[in-house]
Structure formats: structure tokens, C-alpha cells
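Contents: one structure, followed by commentary.
The values are calculated or read from the model by the stated rules, or taken from the named source; none is laboratory data. Since we're looking at a predicted model, the values are computed, not measured. FYI the Cβ positions are ideal-geometry reconstructions off the backbone, even for glycines, and counts take in every protein chain you see.
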Amino acid sequence: MIHTAVLKKEVIKFLDPGQNENFVDCTVGEGGHAQELLLKNGPDGKILGIDLDPLQISSAEWLKAQFKDRIILINDSYANLQEIVDRKNFVPVGGILLDLGMSSAQLEGREKGFSFKMEQGLDMRYNDHMNYLTAEKIVNEWPEERIEKILSEYGEEKFSKKIAKNIVEQRKLGRIKTTFQLIEIIKDSTPSAYWRGKIHYATRTFQALRIAVNDELENIKRVLPQALSILSPGGRLVVISFHSLEDRIVKNFFNQSTKNDEAKLLTKKPITASNQEIRENPRARSAKLRALVKQ
Ligand code: SAH
């Protein structure tokens with residue numbers, strides 16, 4: 001499936017790229033947002049595009065054919081933003097974009113067990129070299145209470161207790177290795193009404209495991225202050241989040257920065273996608289965009 005960048009128009013409105021301005025796209029993905037920026041910040045404005053998934057970096061390579069050395073691609077975590085920008089001597093920076101979460105290509109095109117639709121090993125890492133924790137390790141090796149905690153905190157899963165208990169019961173009989181084995185356990189731990197819900201009954205458990213494996217919330221907490229510090233005065237920061245836990249971190253950081261007079265909010269309330277965009281791109285359904293300008 002071709003990935004469509006979410007809230008494209010709004011990203012451009014708030015990042016407001018000017019001629020020759022430089023931008024950092026912390027989650028370059030397949031390059032959808034980066035392309036829009038590159039069309040506007042010519043003739044000499046550059047984009048530093050970062051992505052943790054090496055295959056996503058390959059998917060963004062096409063930008064080089066069109067924009068040559070105006071696009072710089074780096075396979076690393078945005079948690080290391082300051083260090084990457086220093087190493088590349090990438091100054092001044094007029095705007096920074098974070099489009100959190102994952103793309104449909106990753107969900108459906110990787111053999112990493114991200115999707116409950118396919119039988120695969122329970123891996124869920126965006127990057128095998130920078131991360132040793134896998135979903136398989138969590139379900140087979142973590143204590144029951146710790147599994148329950150991530151399911152309830154990161155997945156907001158109301159059956160976290162039962163699911164964690166059954167995972168621990170099941171693993172006594174043999175290692176839990178695949179997505180389908182895990183789904184079976186979730187099914188056995190939840191009432192049948194839950195199986196007919198609006199979202200698949202495994203969604204919350206899978207989300208929780210992915211967040212835990214990739215330490216996603218911690219990485220967001222780490223990148224935000226670095227992003228603000230890297231921006232030139234007048235520089236814009238745009239963050240798109242996809243669930244309430246992410247959005248809460250972004251909202252708190254934005255409020256704190258305005259209280260300290262380090263920034264001004266460009267969005268009082270988060271911007272969401274239009275019905276039409278949601279119809280065309282289901283990933284937009286839960287997207288929330290917040291923007292600020294550095295003072
Ligand atoms: N805006 C992109 C899509 C981004 S999807 C586009 O227009 O195509 C989110 C991306 O964030 C994914 O490619 C994922 O690999 C990446 N990602 C997740 N965690 C990351 C991290 N810690 N550092 C850098 N990239 C990360």
C-alpha cells in the first residue's frame with residue numbers, strides 16, 4: 001500500500017516553509033511530507049530526514065533523484081536529534097516535523113509481527129541493530145505484573161490483568177513465538193462481546209507491545225526539548241500524534257514551553273483531519289497536530 005502523508009496541507013501551513021529555509025523531518029518515512037517541504041524551500045533550502053527503520057530510509061531515497069543534495073537521509077533515532085544535527089552541522093533550522101507512529105507500509109510490509117492480520121514472529125522492532133528488546137522477549141520473559149502494566153498503560157486495555165495472566169500461564173507450556181499464538185491467548189482472555197467491537201480485540205495489546213519494544217513514549221519525551229533548542233528563533237515545531245498517550249506528552253511540553261516564554265502556541269486545540277481525508281486515508285482517523293513557534 002502506498003503511504004499517504006497525513007494532514008499535508010496543515011503541516012505546510014504551520015511549518016510555513018520559506019525560500020532557502022532548512023527543515024528537519026524527524027520521521028521521514030516514505031518522504032511524503034519531506035517532498036512537500038522541498039517543493040517550497042528551494043532553491044537552496046535543505047531537509048535533514050531521519051528515520052529509525054532502515055527500510056523506510058530506502059523508501060525515501062527517491063527524493064534524491066528529484067532534489068539532489070537538498071535532501072540528507074539519516075538512519076537513526078530522533079531521540080539522538082541534537083547529536084545528529086551537530087554531526088551534520090545542520091544550521092540554521094527553520095522548522096522541525098515529527099509524524100509519530102508508523103506507516104501502513106511498515107504495518108503490512110514488514111515481517112516483524114506488527115500486524116495481527118498475518119502470522120509472523122513477535123519482533124516489532126523498527127531497527128534490529130539499535131534495539132535488543134523484542135515483543136517475544138516481553139511476552140516470554142517479563143514478569144506478569146510488568147506485562148499487565150504495559151498493556152494497561154500503553155494499550156489502555158481493560159482486560160490487561162486477564163491477558164497478562166493467561167500469557168504467563170501459556171508460556172509455561174512452551175515459548176509464545178507468533179502473532180497468531182498471542183491473538184489466541186487474547187481471545188481466550190476476553191469476553192465474546194469484545195471480539196465484535198469496533199477495533200480488533202488484539203489492537204490494544206499489539207499497540208502496547210510496540211510502544212514498549214521501541215520505547216516510544218520515552219523517545220518522544222527526549223526529542224521535544226532537543227527540537228525546541230535546535231530551532232532558530234521564529235522556527236516552527238509541528239508534531240502529529242496518533243494516540244492519547246503521545247498527545248498528552250506533546251500537550252504538556254507545549255504548555256510548559258509557553259509558560260516559560262520559550263515558545264508561542266500556533267494551535268490552541270489540536271488540529272484533526274477532515275472527514276474526507278479520513279475516508280481516503282484511515283491512518284488520519286486518530287491524527288492530532290499541534291504546532292508552536294520558538295520565541
Ligand atoms: N511523514 C512520513 C511518514 C512517517 S510514519 C511520510 O510522509 O512518509 C512514522 C515514521 O517514524 C516511520 O517511518 C517510523 O519508522 C519512524 N520512527 C518511529 N520511531 C522513530 C524514532 N525513534 N526515530 C526516528 N524515526 C522513527
Being assigned to a helix (DSSP H, G or I) and either closer than 23 Å to Arg283 by Cβ or in contact with a His (Cβ under 6 Å, 6 or more places away or on another chain) (or both) is the filter here; which residues of the stretch 225-266 pass it?
Ala227, Ser244, Leu245, Glu246, Asp247, Arg248, Ile249, Val250, Lys251, Phe254
Does Val24 satisfy the criteria of being in a helix (DSSP H, G or I), among the β-branched types (Val, Ile, Thr) and either closer than 29 Å to Leu265 by Cβ or modelled with pLDDT of 95 or more (or both)?
no
Residues satisfying the stated conditions in the stretch 40-54, i.e. touching a helix residue (DSSP H, G or I) at 6+ places or on another chain (Cβ under 9 Å) and within 13 Å of the ligand (Cβ to nearest atom):
Ile47, Leu48, Gly49, Ile50, Asp51, Leu52, Asp53
Test for Val139: is it away from the ligand (no atom under 16 Å from the Cβ), touching a helix residue (DSSP H, G or I) at 6+ places or on another chain (Cβ under 7 Å) and under 30 Å from Phe14 (Cα atoms):
no
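Given the residues His3, His33, which is the only one that is at pLDDT below 95 and within 8 Å of the ligand (Cβ to nearest atom)?
Working: His33 fails: at pLDDT below 95.
Of the residues listed, the single one that is at pLDDT below 95 and within 8 Å of the ligand (Cβ to nearest atom) is His3.
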So Gly29 ticks every box in (1) more than 18 Å from the chain's Cα centre (by Cα); (2) under 21 Å from Ala227 (Cα atoms) but one. Which box is left unticked?
(1)
Search the stretch 28-46 for residues that are in contact (Cβ under 8 Å) with a residue 40 or more places away in the chain and pair each with any residue that is within 6 Å of the ligand (Cβ to nearest atom) and not in a loop (DSSP other than H, G, I, E, B) when their beta-carbon atoms are under 6 Å apart and the residues are at least 6 apart or on different chains.
Val28/Asp51; Gly29/Gln56
Unique match (being buried (at least 22 other Cβ atoms within 10 Å of the Cβ) and polar (S, T, N, Q)) among Gln56, Gln66, Gln82
Gln56
Report, by residue number, each residue of the stretch 6-30 that is on the phi > 0 side of the Ramachandran plot and more than 9 Å from the ligand (Cβ to nearest atom).
Leu7, Asp16, Asn20
